[in-house]
Amino acid sequence: MEGKGDQIDKAQKGDEEKTKAAGVAMMPRMGKENDWITLKRTGGKPSFVIQSKEQEANLRNGYDLHNGYKETVLAKWNTNQGSLSDIVKNLLRVTHALKKFNKDVVGDIVVDYNLAKHEFYKAQEALAFQPSDRRHRTNEQSLQQAVKKGKFRAKLFYSNLRTVPRVDYARNVWHRLIMPKHRFIYWQVCNNHLLTRDNLRKLMSIDSSLCPVCESEIETHNHLFVDCLYTKRLAAATNSWFGNFQWPKDISELQKGTPKAAFNLRNQLQNAVLAAVLYFVWWNRNHCVFESKSGWLGWFVFVWLV
């Protein structure tokens, strides 16, 4: 009686014979006769696997071809990182640096909330002791604006006390037609909050500040999302099928020139496509950093949009 493993081996041999009988499937743009794909059974289901080491090298973005790659990158994988407590200490240092960076850029939310709460109590006391004083009319107006359906809302009162100006692109970024993960990256790009290597150098020392995708210039938000060669090709490919898709020239133009998505369906779709492209650029950047591979432009069309 044959086991499940014997059945899978027999099915795999049958798949290989059928593949060879039908002809070898050449990989596109490889130009090598020994670059081919065969079927392999995984758990009883056929799946495609790569049979060429040259093809695996061709799928990389060329980062490992630079001088010193093995010494600076690959060698660190074999470096002794110490005990588990040492690793935890290093992670805590990174966490502390990120919290400090967020506090310097965003601010201390707890302090702002306590300040708003203190102002609210002062306004209540002033209105209680001097209800006819004109100096407290503004506070009384803020209290009235914070009432919704007959109930006082502390969140509305806090929002009214904040002096941070509203930005025009917020409505486009948080549009309901955009996927939530695309909205988050869209907002981070517009506010220059992503940890690109120029921002990462402010937190810790890094070996290189070059863009991990093209390795031609220092990685900034403007370079990665506007000037990078890969981004330009992706924008051109998007324009070829979407039509009349104008990519911004810099981040400030991305903030000011974003079409108002509330007016018509075409602007809403263009805004959603823009958010998807920005997300894919950031995803591809991380793929180059952690996998040493750059995504094919066709992935964006078939994976992220379809």
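Every read-out reported here was derived from the displayed coordinates using simple, explicitly stated rules and does not represent laboratory data. In this text, all values refer to a predicted model and were calculated from it rather than measured experimentally. Note that we place each Cβ from the backbone using ideal geometry, even for glycine, and neighbour counts take in every protein chain shown.
The ratio of the alpha-carbon radius of gyration of the range 167-305 to the globular-protein estimate 2.2 N^0.38 Å is 1.02. Taken along the Cα-to-beta-carbon direction at a fixed 7 Å, the label points for residue 188 and residue 151 span 3.4 nm.
Computed from the Cβ-Cβ distance with R0 of 30 Å, the FRET efficiency linking residue 199 to residue 176 stands at 0.50.
Would you please give the FRET efficiency between residue 112 and residue 266, computed as 1/(1 + (r/R0)^6) with r the Cβ-Cβ distance and R0 = 22 Å, to the nearest 0.05? The value I calculate is 0.05. What the Cα convex hull of the range 101-254 gives, in volume per residue, is 167 Å³.
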